[in-house]
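Peer 1: Quick one: the structure is below, questions incoming.
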């Protein structure tokens with residue numbers, strides 16, 4: 001059975017996509033540390049916790065779980081290509097926490113670092129140091145300082161690199177999947193997510209909400225630098241379905257409706273998120289999450305000296321939905337939204353006005369029959 005280390009969950013709210021870090025120890029000596037840097041973020045967080053025995057989890061208190069400000073300090077050392085070191089001290093901050101499973105833990109502690117990475121490729125390396133006022137506790141640090149890797153490059157579809165991409169049905173009957181090929185070296189697990197955006201408008205209050213729904217398209221460890229995924233209509237439908245619920249008096253429409261250069265109605269409602277984990281982070285999570293691991297309660301993998309956990313990186317880049325780069329043509333939008341299972345969600349159908357160079361969103365009862 002897996003158990004969840006409560007304190008690590010707080011860190012993952014900041015530094016991870018959708019993963020819960022699960023790790024326990026029956027030993028009394030190691031300190032747990034978890035910190036993942038993302039060069040695209042301006043705020044970074046590290047969790048440092050005392051050893052926690054799983055049978056004491058429910059009754060653990062804040063002081064039993066976290067070190068005091070006078071007991072531990074956390075630094076990140078940045079070394080440039082010339083060997084010059086800059087020490088950055090992280091700020092301990094206390095945040096509210098509410099979890100009925102852990103009634104005595106109403107607060108949580110993380111160490112915050114406000115830092116902007118200037119370049120992925122300038123040769124800077126990063127090392128964590130956790131020091132203690134107790135002379136009997138040794139300094140914790142990652143054995144090998146890491147460097148960020150170059151961002152991924154898109155090979156296919158080639159026009160996505162320079163402009164917009166029209167995806168979908170060539171004719172009302174013929175579907176053509178979209179191959180997505182990108183390259184990135186020096187990483188472990190790679191991810192690709194598809195995002196889909198739409199607007200919900202309450203017809204009684206005129207309140208408007210924008211929904212960005214995300215589903216995974218690719219999640220693999222590939223040793224070659226080239227990664228390949230395939231986007232199909234079923235993936236667009238999965239993204240659409242993810243957060244849909246029936247709501248009375250609500251009209252919905254996909255984001256990004258416009259006329260393209262050929263005066264055809266396009267709906268630029270899609271986006272991509274590419275993520276990559278370092279080899280160290282990938283290995284760590286594979287061991288921790290492995291249901292068949294020999295020793296679930298105390299994974300041996302760590303890249304820290306004198307502690308347990310991981311300090312490493314993950315990177316991402318995106319084609320944001322709102323940038324209106326990836327669009328669905330009229331055939332595709334109508335095929336999806338006029339499916340019987342979606343009619344109850346009251347999506348409007350974008351279409352060109354007859355005799356004009358303008359479009360409209362049709363919410364009429366026979367919008368799918370025209």
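Peer 1: Which residues, taken from the stretch 189-213, are without any contact (Cβ under 8 Å) to a residue 60 or more places away in the chain and either in contact with a helix residue (DSSP H, G or I) (Cβ under 6 Å, 6 or more places away or on another chain) or farther than 17 Å from residue 267 by Cα (or both)?
Peer 2: Passing the criteria: 201, 202, 203, 204, 205, 206, 207, 208, 209, 213.
Peer 1: Same structure again: Go through the stretch 319-343 residue by residue and tally those that are without any contact (Cβ under 8 Å) to a residue 40 or more places away in the chain and farther than 22 Å from residue 363 by Cβ.
Peer 2: So the count comes out to 0.
Peer 1: Could you tell me how many of the residues in the stretch 322-350 are part of a strand (DSSP E or B) and either closer than 13 Å to residue 256 by Cα or modelled with pLDDT under 85 (or both)?
Peer 2: Number of matching residues: 6.
Peer 1: Next up: Could you list all residues from the stretch 52-63 that are modelled with pLDDT of 85 or more and surrounded by 11 or more Cβ atoms within 10 Å (Cβ to Cβ)?
Peer 2: Answer for the stretch 52-63, where residues must be modelled with pLDDT of 85 or more and surrounded by 11 or more Cβ atoms within 10 Å (Cβ to Cβ): just 62.
Peer 1: Which members of the stretch 261-287 meet the condition of being in contact with a strand residue (DSSP E or B) (Cβ under 6 Å, 6 or more places away or on another chain) and over 29 Å from residue 183 (Cβ atoms)?
Peer 2: Selection gives 265, 267.
Peer 1: Restricting the first residue to the stretch 237-248 and requiring it to be in contact (Cβ under 8 Å) with a residue 24 or more places away in the chain, which pairs with a second residue that is surrounded by fewer than 17 Cβ atoms within 10 Å (Cβ to Cβ) and in a loop (DSSP other than H, G, I, E, B) meet a Cβ separation below 7 Å and a spacing of at least six or different chains?
Peer 2: 246/344
Peer 1: Restricted to the stretch 92-123, and to residues that are surrounded by fewer than 11 Cβ atoms within 10 Å (Cβ to Cβ) and in contact with a strand residue (DSSP E or B) (Cβ under 7 Å, 6 or more places away or on another chain), which residue is nearest to residue 146 (Cα to Cα)?
Peer 2: 114
The values are calculated or read from the model by the stated rules, or taken from the named source; none is laboratory data. This one's a predicted model, so the numbers in the text were calculated from it and none came from an experiment. Please note: Cβ atoms are built from the backbone with ideal geometry, for glycine as well, and neighbour counts cover all protein chains shown.
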